[in-house]
Amino acid sequence: MNKAEKISSIIRCPKCYGELYLSMPDVNCVNPLCGAKYVFENNCPVLMTPEDKAHLQMFLSKHSAQTVPAFNNKFRMRFLPPGPCYDPRRNERLKRFWSTFSEEAIIIDIGSQSAKLREDVINFDLAPFQNVNLVGNALRIPVVDNSVDGVINTGVLEHVEDVDQVIKEIHRILKPNGVFYIEIPFMQGYHPDPTDFQRLTYQGLERSLKNFKIEEMDVSSGPYSNICWAIRETIALTSNTDRGFTWLWIIAGWLTFWIKYFDRFVVGKRFAHRVASSYYVIATKQVKEEGVNS
């Protein structure tokens, strides 16, 4: 199947989870008791109920802060420094992740924004950004139960209102033994996009993923990425104005970004997780044994 066929085979009405009929520019629920209608935007189906849209608009209007307060100026964006985080094992880790799937596998990147990890990955987000293939609410994913082989979720869980509900939804749509890949910050600074609600420790992740089997959990960006981030922010906060903070953040970023590369020597150490910038988890959906109560 190509990507469009994969999408049409798994999407469902977010209101009743009934089947959908796609005929651009319209998307219609075939359930006569529902009859909900949706639309295409930027060539991707937008599967959000009116309630979801209203909630999203209210949510965004209350959380308009951004990571760097005056960075939306085009002139200042020309001086963007390298990011403060370094994950020396990411390419090798993702290579192992991809190797577990066949060409026919259905993989969704939830909260992808405009990133494109691979051509065959379905990008899912709350707005039709560039490269997004499906729009919906992660708290009520418009996808049929037990239909997805893999879910990717990188740098997203800290921004959602209800972590447990999003993880519950991911568990619902994954096939038995489906793979869940997560990257999540631990000691990173505040970075609203447009919100920033929480951080999770190893124990917090284990609790949130109690219905999954954790195959791997380790440091992604390590302590030196954390130090790099903290120095950048600490220098910038000496200014009380948006413009001053932003310029100090830019200057400090260029002066200190190289610190993160020391993570190459420490991310595999036993205690690196105690002050790491971020973690990764690879987990699988557990299969319930017949006759065993949940």
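Quick note: the coordinates plus some simple rules give every number you see, no bench work behind them. These figures come from a predicted structure and were not determined experimentally. Note that each Cβ is placed from the backbone with ideal geometry, even for glycine, and that neighbours are counted across all protein chains shown.
Observations on the structure shown:
- Partnerless cysteines in the chain, where a partner means another cysteine C-beta under 4.7 angstrom, comprise C44, C85, C228.
- DSSP assigns beta bridges within the stretch 37-159; of those with both partners inside it, close to 30 percent run antiparallel.
- Bridges between two residues of the chain, per DSSP, are antiparallel at a rate of about 65%.
- For the stretch 236-248, 3J(HN,Hα) per residue [Karplus equation, 6.51 cos²θ - 1.76 cosθ + 1.60, θ = phi - 60°, Hz, x = Gly/Pro]: 5, 6, 5, 9, 9, 10, 4, 5, x, 4, 5, 5, 5
- In this entry, the chain is assigned a mean projected area of 17.4 nm², taken as a quarter of its C-alpha convex hull surface.
- Candidate lysines - alpha carbon under 18 Å from K269, same-chain residues fewer than 8 apart omitted: K260
- The phi torsions of the stretch 194-201, fed into the Karplus equation with coefficients 6.51, -1.76 and 1.60 and a -60° offset, translate into couplings of x, 10, 8, 9, 7, 10, 10, 7 Hz, rounded to whole numbers, with Gly and Pro shown as x.
- Highest average packing first - 177-188, 231-242, 114-125, Cβ atoms within 10 Å: 177-188, 114-125, 231-242
- For the stretch 55-206, the mean projected area of the C-alpha convex hull, equal to one quarter of the hull surface, is 10.3 nm².
- Three-way shape call for the stretch 1-141 based on the alpha-carbon gyration tensor, with the a/c threshold at 1.5: oblate
- Working note: Karplus 6.51/-1.76/1.60 with θ = phi - 60° gives the stretch 252-263 the couplings 5, x, 5, 7, 10, 4, 5, 4, 4, 6, 5, 4 Hz, where Gly and Pro are set to x.
- Across the stretch 135-268, C-alpha contacts under 8 Å between residues 6 or more apart give a mean separation that, scaled by the residue count, equals a relative contact order of 21 percent.
- Each Cα pair under 8 Å and six or more residues apart adds its sequence gap; the mean of these over the residue count of the stretch 3-285 is a relative contact order of 21 percent.
- R12 long-range amide H proximity, modeled H, under 5 Å: V143, V144
- In terms of its C-alpha gyration tensor, the stretch 96-176 has an oblate overall shape, because the principal axis ratio a/c (a ≥ b ≥ c, square roots of the eigenvalues) is not below 1.5 and a/b does not outweigh b/c.
- Result for the chain in a Gaussian network model with C-alpha springs under 10 Å: among P81, P128, P14, the largest mean-square fluctuation is at P81.
- The calculated 222 nm mean residue ellipticity attributable to helices in the chain amounts to -8000 deg cm²/dmol, summing -39500 (n - 2.57) over DSSP H runs of n ≥ 4 and dividing by all residues.
- Cβ-based charge dipole, the stretch 3-285, positive-most Cα from A236, V46, L20: A236
- Distances between placed amide hydrogens fall under 5 Å for N123 paired with D109, N133, L134, all partners being 5 or more residues away or on another chain.
- Distant-in-sequence amide H partners of F180 (H built 1.01 Å from N, under 5 Å): V151, A283, T284, K285
- Across K213/K285; K6/K285; K175/K213; K15/K37; K95/K285, pairs whose alpha-carbon gap is larger than 18 Å: K6/K285; K95/K285
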